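Accompanying notes for the structure given below.
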Amino acid sequence: MQEVLENSLSKILRYPIKIYGCGRTDAGVHASQYFFHIDVEQKWDFDLFFRWNRILPDDIAIFDIIPVEAQPHARFDAVLRTYDYFIHTYKDPFLSESSALYLLPELNLYEMKKAVMLLPKYSDYRAYCKSPDKNEHNICYVSSAALFTNISGNRIRFQISSNRFLGRMIRILTRKLVEIGNGALSVDEFESHLITKKTPALILPAHPQGLYLSKVTYPFLDLPVKSEFRSDTNLWNEV
C-alpha cells in the first residue's frame with residue numbers, strides 16, 4: 001500500500017513523496033482506518049482529495065486530508081490502536097478475502113471469552129510475539145479486549161485495543177483463542193505463558209486476511225470510523 005500511495009501522489013505533485021504511516025501490517029491484513037503523514041514542499045491549488053482517489057486502485061481510499069501544524073508523527077504520536085479479527089466457521093466465498101475460515105463449528109465461545117478477559121490484566125506479551133528478542137521491550141498496555149459473535153454463532157469477531165502491539169501478536173493470540181475454543185488448549189495454559197513470559201512450544205499466527213486495523217487515536221485527533229462493520233449491532237453481540 002505504501003508504494004502505491006507514494007507513487008500515485010508523487011505523480012500528482014510531480015516530485016518524490018515519502019509517506020510515514022501509523023504502523024506496518026503483514027501482507028493480506030486490512031485497514032479500515034489508517035493514518036499517515038507527508039511533508040510537502042508547497043500547498044497545492046487543486047482538489048487533491050478528488051484527484052488522488054481517482055487514480056488509486058479500488059481497494060485503497062483516501063477519506064480525509066488534514067493539514068497539521070508543528071511536526072506530529074503518524075506512528076510515534078498514536079496513543080491507542082484498535083484491531084478487529086474476523087472468523088467464520090463455514091465456507092463462504094463472499095467472506096474469503098475479508099474473514100479467516102476455520103472449519104470448527106463447535107468452538108467453545110465461553111472458554112475463548114475467559115481468555116480474552118485476561119488480556120487487559122497483563123502487560124508483557126513476550127510469550128505471544130514472533131521475535132520478542134528483537135524488540136526494545138515487550139510491554140503493551142491492553143486497554144480493552146472483547147469477543148463478539150453473530151446470532152448463529154458461526155461468525156466471530158475478536159477486538160483488542162492497546163497503545164502498541166508486537167510482531168504478529170494479535171494473529172498469534174487469535175490462533176491461541178481458536179485452540180482454546182477447539183479444546184486443544186486450556187485457559188490456564190494460555191494464562192501460564194502470560195505469567196511466565198515463556199513462548200509456547202508451538203506458536204503459529206492466525207490467517208492474515210481476518211485482521212483489520214480499525215481505529216487509531218491521537219492526543220490531538222480522534223476521528224470516528226467511516227466503515228460500519230465495527231458497529232453493526234444487528235450482527236455482532238458480545239459473548
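The values are calculated or read from the model by the stated rules, or taken from the named source; none is laboratory data. Small disclaimer: the values here were computed from a predicted structure and weren't measured. Cβ: placed from backbone, ideal geometry, glycine included. Neighbour counts: every protein chain shown. Surface areas here come from the heavy atoms of the whole protein model, side chains and all, with no ligands, DNA or RNA. Shrake-Rupley method; radii C 1.70, N 1.55, O 1.52, S 1.80 Å.
Here are some notes:
- Hits in region 31-77 - residues which are open to solvent by 50 Å² or more (accessible area, probe 1.4 Å) and in a helix (DSSP H, G or I): 49, 50, 51, 54, 55
- Selection within region 1-19 - open to solvent by 90 Å² or more (accessible area, probe 1.4 Å) and in contact (Cβ under 8 Å) with a residue 12 or more places away in the chain: 1, 11, 18
- Cβ pairs under 9 Å, 6+ apart, first in region 57-77 and over 18 Å from residue 223 (Cα atoms), second open to solvent by 50 Å² or more (accessible area, probe 1.4 Å) and among the aliphatic types (A, V, I, L, M): 57/4; 59/1; 60/1; 60/4
- Count of region 117-132 residues, restricted to those that are in a helix (DSSP H, G or I) and open to solvent by 10 Å² or more (accessible area, probe 1.4 Å), is 6.
- If you go through region 78-94 and keep only what is in contact (Cβ under 8 Å) with a residue 12 or more places away in the chain and outside any loop (DSSP other than H, G, I, E, B), you end up with 80, 81, 82, 83, 84, 85, 86, 87, 88.
- Taken as a whole, the condition of being of a type in the set (A, V, I, L, M, F, W, C) and open to solvent by 50 Å² or more (accessible area, probe 1.4 Å) does not apply to residue 86.
- Pairs with Cβ under 7 Å, 6+ apart, first in region 26-37 and touching a residue at least 24 places away in the same chain (Cβ under 8 Å), second assigned to a strand (DSSP E or B) and of a type in the set (D, E, K, R): 33/215
- Lone unmet requirement of (1) over 16 Å from residue 119 (Cα atoms); (2) among the aliphatic types (A, V, I, L, M); (3) touching a residue at least 60 places away in the same chain (Cβ under 8 Å) for residue 178: (1)
- Residue 158 being free of Cβ contacts under 8 Å to residues at least 24 places away in the same chain and within 18 Å of the chain's Cα centre (by Cα): no
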